[in-house]
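**Student:** Below are the structure tokens for one structure; questions will follow.
The values are calculated or read from the model by the stated rules, or taken from the named source; none is laboratory data. Given the structure is predicted, the values throughout are model-derived calculations rather than measurements. Here the Cβ positions follow ideal geometry from the backbone for every residue, glycine too, while neighbour counts run over all protein chains shown. Side chains are part of the model used for accessible areas, which takes the heavy atoms of the whole protein and leaves out ligands, DNA and RNA. Shrake-Rupley method; radii C 1.70, N 1.55, O 1.52, S 1.80 Å.
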Amino acid sequence: MAKTITVTDALQLIKDNDYIVAGMAASEGRDFFTRIHELHGKVKNITIDNCLPLYRYECMNNELYKDTFTINSWFFSNDLRKAFNNGNISYIPNNLNLAGVRRLAHKKPNVYVGNATPPDKHGFVSLSLSNVYEKRMIEEADIVILEINPKFPRTFGDLEVHKNDIDYFIDVDYDVPVLPDIEPNEKDKKIGSYIADLIQDGDNIQLGIGGIPNAVADMLHDKKDLGVHTEMLTTGFMKLYQSGAITNKRKSLHKGKMVAAFALGTKELYDFLDNNPVVQILDGHYVNDPYTVGLNDNQVSINTTIEVDLTGQCCSESIGTRQFSGTGGQTDTATGAQRAKNGRSFITLYSTAKVLNKLTNERVEISKIVPTLKPGAAVSLSRNEVDYVVTEYGVVKLKGTSIRERVELLISIAHPKFRDELTKKAKEIGYI
Ligand code: COA
């Protein structure tokens, strides 16, 4: 049975060359990782894998500790991006449904550190906000340490673990990290309205990470009987459920339930999730498997990208060679949705971005629809798999089109001030 210890005790369990896996996003063991840098000078060569870490950890961000800790990540966050130049950080390429499975086939963790709710009367903790890979890692790790936090919502699905299968508990009571709800701007509303026009009553929705998908949720309150099969459960879904737009009644898989692999949002979302049997947090390997996604009739996937080239290749995770986020479940959900009966996938983006010109130190506006991706850009969604692309200037369907047709369609939704230049470049390349 799990023994309750302190963070200081837990740190003493760590040995030279240990490989530690952290839970994803809100499910990382915050207090343990906040102090693990104290092992610097006492142990050597510690590897930590994480995914969308939500705090600035000394072991990750302070270059003083870079010789002791190697950090690998399935999905970069703001703090990881800032830490990247320390030289001890690397990205693990992955489609999220296979993140844990492929990593486990490569190596097994010595230690897993995450968080959970207190045990229920039967002795089961709930892993609460993520089951992307966490339960699989718990099953394989030599030592499992869970921070037990009564403030985390008790969720159901496939993330209940018995205390007899855990080695150590650490009692904590920090607040659950929140992702604030941001008001949609005019561009978001336009993009949302184009997508809302193509969403039918009874559709089953997936919303990806980033500002636009969340804003799209705001435009769906007039729909009826929507369902949810998504990797990430957000505040937008909660609001659609509360307004009556989501009922999950017409789902062909997991009827009546909202299915997700992890959740991140506001305190209101966490209150909604607590002890709510409507929500099922299932194994990410299952939820995001394109085969599973495709079993949902009328599945609609809505994700965001950083840059699209004129052939439809989407770079959604890097700015040139600089890793910005991760592929996450973009390929999983976009390809899965297109397998579904009456399925559709939307890739959304603003037509332009403002980027810093290092010579003048000013922000200049560039087109996010480009003749060719930046050198080193990672193709997150292949041009073979892209379906609808949406900007504030319209929506185009690329599936089944030739490159010549794509060039014309994509230029028609580029910012007007970049259209002539894009046409000129497309001619120079020989696309048109
Ligand atoms: N060139 C250079 N910089 C660009 C750019 C481009 N083409 N497009 C965007 N940027 C910059 C923005 O200016 C912004 O910089 P800032 O942080 O200095 O302001 C930054 O990149 C982020 O852009 P933004 O549009 O605000 O990002 P977002 O928070 O809405 O996230 C993605 C967008 C694409 C990064 C995010 O959706 C993602 O990681 N997607 C891949 C994973 C995924 O889709 N998973 C789906 C299942 S959850």
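**Student:** Cβ-Cβ below 6 Å, separation at least six or inter-chain, first residue in segment 337-360 and within 16 Å of Ser382 (Cα to Cα), second at pLDDT below 95 and surrounded by 22 or more Cβ atoms within 10 Å (Cβ to Cβ): which pairs?
**Tutor:** Matching pairs, first to second residue: Thr348/Ile212.
**Student:** Please tell me if Gly294 is more than 15 Å from the ligand (Cβ to nearest atom) and either farther than 24 Å from Ala25 by Cα or open to solvent by 10 Å² or more (accessible area, probe 1.4 Å) (or both).
**Tutor:** yes
**Student:** Quick check on my filter: what residues within segment 205-219 are farther than 12 Å from Ala260 by Cα and either in contact with a strand residue (DSSP E or B) (Cβ under 8 Å, 6 or more places away or on another chain) or more than 16 Å from the ligand (Cβ to nearest atom) (or both)?
**Tutor:** Ile209, Gly210, Gly211, Ile212, Pro213, Asn214, Val216, Ala217, Met219, listed by residue number.
**Student:** Name every residue in segment 225-237 that is within 16 Å of the ligand (Cβ to nearest atom) and either part of a helix (DSSP H, G or I) or among the aliphatic types (A, V, I, L, M) (or both), in order of residue number.
**Tutor:** Within segment 225-237, Val228, Met232, Leu233, Thr235, Gly236, Phe237 meet the criteria.
Conditions tested, residue by residue: (1) modelled with pLDDT of 95 or more; (2) out of contact with any Lys or Arg (no Cβ under 7 Å at 6 or more places or on another chain); (3) under 22 Å from Ser412 (Cβ atoms).
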{"position": "Ser345", "(1), (2), (3)": "yes, yes, yes"}
{"position": "Leu349", "(1), (2), (3)": "yes, no, yes"}
{"position": "Thr372", "(1), (2), (3)": "yes, yes, yes"}
{"position": "Val379", "(1), (2), (3)": "yes, yes, no"}
{"position": "Arg383", "(1), (2), (3)": "yes, yes, yes"}
{"position": "Thr391", "(1), (2), (3)": "yes, yes, yes"}
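**Student:** If you go through segment 163-188, how many residues are within 16 Å of the ligand (Cβ to nearest atom), surrounded by 15 or more Cβ atoms within 10 Å (Cβ to Cβ) and outside any loop (DSSP other than H, G, I, E, B)?
**Tutor:** The total comes to 2.
**Student:** Moving on. If a residue has to be surrounded by 24 or more Cβ atoms within 10 Å (Cβ to Cβ) and assigned to a helix (DSSP H, G or I) to count, how many in segment 205-214 make the cut?
**Tutor:** Going through segment 205-214 one residue at a time, the tally reaches 3.
**Student:** Assess whether Ala337 counts as being hydrophobic (A, V, I, L, M, F, W, C), more than 9 Å from the ligand (Cβ to nearest atom), open to solvent by less than 20 Å² (accessible area, probe 1.4 Å) and outside the structural domain of Asn50 (by TED's automatic domain parsing).
**Tutor:** yes
**Student:** Does Thr117 fit the bill of being in contact (Cβ under 8 Å) with a residue 12 or more places away in the chain, surrounded by fewer than 19 Cβ atoms within 10 Å (Cβ to Cβ) and among the hydroxyl-bearing types (Ser, Thr, Tyr)?
**Tutor:** Criteria not met by Thr117.
**Student:** Could you say whether any residue in segment 130-137 is open to solvent by 10 Å² or more (accessible area, probe 1.4 Å) and closer than 24 Å to Tyr168 by Cβ?
**Tutor:** yes
A quick yes/no check of all residues on (1) in contact with a helix residue (DSSP H, G or I) (Cβ under 9 Å, 6 or more places away or on another chain); (2) within 15 Å of the ligand (Cβ to nearest atom); (3) more than 20 Å from Asp188 (Cβ to Cβ); (4) open to solvent by 50 Å² or more (accessible area, probe 1.4 Å):
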position: Pro371; (1), (2), (3), (4): yes, yes, yes, no
position: Ala378; (1), (2), (3), (4): no, yes, yes, no
position: Asn384; (1), (2), (3), (4): no, no, yes, yes
position: Tyr393; (1), (2), (3), (4): yes, no, no, yes
position: Ala414; (1), (2), (3), (4): yes, yes, no, no
position: Lys424; (1), (2), (3), (4): no, no, yes, yes
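**Student:** All but one of (1) farther than 19 Å from Ile212 by Cβ; (2) open to solvent by less than 20 Å² (accessible area, probe 1.4 Å); (3) more than 9 Å from the ligand (Cβ to nearest atom) hold for Gly320; which doesn't?
**Tutor:** Failing condition for Gly320: (3).
**Student:** For a quick check of your reading of the model, give me the residue pairs whose first member lies in segment 297-312 and is within 6 Å of the ligand (Cβ to nearest atom), whose second is polar (S, T, N, Q), with beta-carbon atoms closer than 6 Å and at least 6 apart or on different chains.
**Tutor:** Asn303/Gln330; Thr304/Thr348; Thr305/Ser316; Ile306/Ser316
**Student:** Next question, about the same structure. What residue, of Asp222, Asp271, is assigned to a loop (DSSP other than H, G, I, E, B) and either open to solvent by 20 Å² or more (accessible area, probe 1.4 Å) or within 16 Å of the ligand (Cβ to nearest atom) (or both)?
**Tutor:** Just one listed residue meets the conditions, Asp222.
**Student:** Looking at segment 368-389, which of its residues are closer than 15 Å to Gly320 by Cβ and among the polar types (S, T, N, Q)?
**Tutor:** Once the filter is applied, which keeps residues that are closer than 15 Å to Gly320 by Cβ and among the polar types (S, T, N, Q), segment 368-389 yields Thr372, Ser380.
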